[in-house]
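Worksheet: one structure, shown below.
Each reported figure results from applying straightforward, stated rules to the coordinates on display, with no laboratory input. Predicted model, so just to flag it, every value in this text is computed and none were measured. Ideal geometry is used to build each Cβ from the backbone, glycine not excepted, and the neighbour counts take in all protein chains shown.
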Amino acid sequence: MPSVGAATAYAAPLSVGDYIKVQNGPGDTGGGEFTIVVDATTSFVSFCLQQTEYINFVNDFKVDGISTYAVSDPTARGGDAVLGRDFISEQTAYLYTQFRAGTLAGYNYTGANHAQSADKLQNAFWMFEQEIGMNASNQFVQLANNALSLGWSGIGNVRVMNLSLNGVESQDQLMLVPSREITAVPEPASLILFGTGTTMAAIARRRNRRRSAKNT
C-alpha cells in the first residue's frame, strides 16, 4: 500500500478495459480508504463516490470507464435526470488531489487517528457528491470550500473509475490521470511540446543570426 497517500510509480497506466482488485484500508464508514490494485507493482489509494452501489475485496472488477462522473446515481443523490451521471465537484477534486500528494492539511496519514481522518474525508466526499447531508463542521468540507474561495477551480487530474462486476455496475472510485505519476519525468505530450519549443527556439536563433549577417 502506498505510504502517505502518494501514488506508486509504475510502468503502465490504468486503462479502460483493465481489471482491478480492491483492498480495504483505514476507515469505518463503509467507504475508503481503499487500495486499488492493478497488478503486482501497481496500486493507489482511493475513496468511493456512491452509497447506492457496493464493492467487495474478493472479485476482479472491470474498469468500464474513466470519466468525470459517477454513473447511475439517482437524482436525489446528485445524478442527472437523463443518464444518472453525478459529476465530481471541484471540492472533491481539491481534496483528493491534496490527499494523493500527501499534503492534505489535517489528515493523519499514519498513527492512531488514521481511521478517523479517513472517515472524515470519506464523509466530505459523500457530502460534496450529495450522497449524505452536508455537515459544515467537517474539517475537510471547510478546507475545500476555503480553497475554492481562494481561487481553486476545476477538477484537474481527478477522474472517476466506473467499475463493474460481471456486467453489473459497481462502486465508482476516485483516481488521478495520467495513472503513471512519475513527477520527475515529463509525460510524452510534455516531451513533445518541450521538443517543439526547443526546435522553434533553435530556428529563431538561426534566423536572428542570418538577419545579423545581412545587416553587417
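Can you tell me the order of 150-161, 125-136 when each peptide is scored by its average per-residue count of other Cβ atoms within 10 angstrom, highest first?
Values: 150-161: 15.9, 125-136: 17.8.
Highest to lowest by the protection proxy: 125-136, 150-161.
Give or take rounding to whole Å, what are the principal axis extents of the alpha carbon atoms in segment 25-156, in descending order?
The principal-axis extents, from largest down, are 39, 34, 26 Å.
Determine, for each peptide in 55-63, 19-27, the mean count of other beta carbons within 10 angstrom over its residues, then list the peptides with the highest first.
Working: 55-63: 15.0, 19-27: 17.3.
The densest-packed peptide leads the list: 19-27, 55-63.
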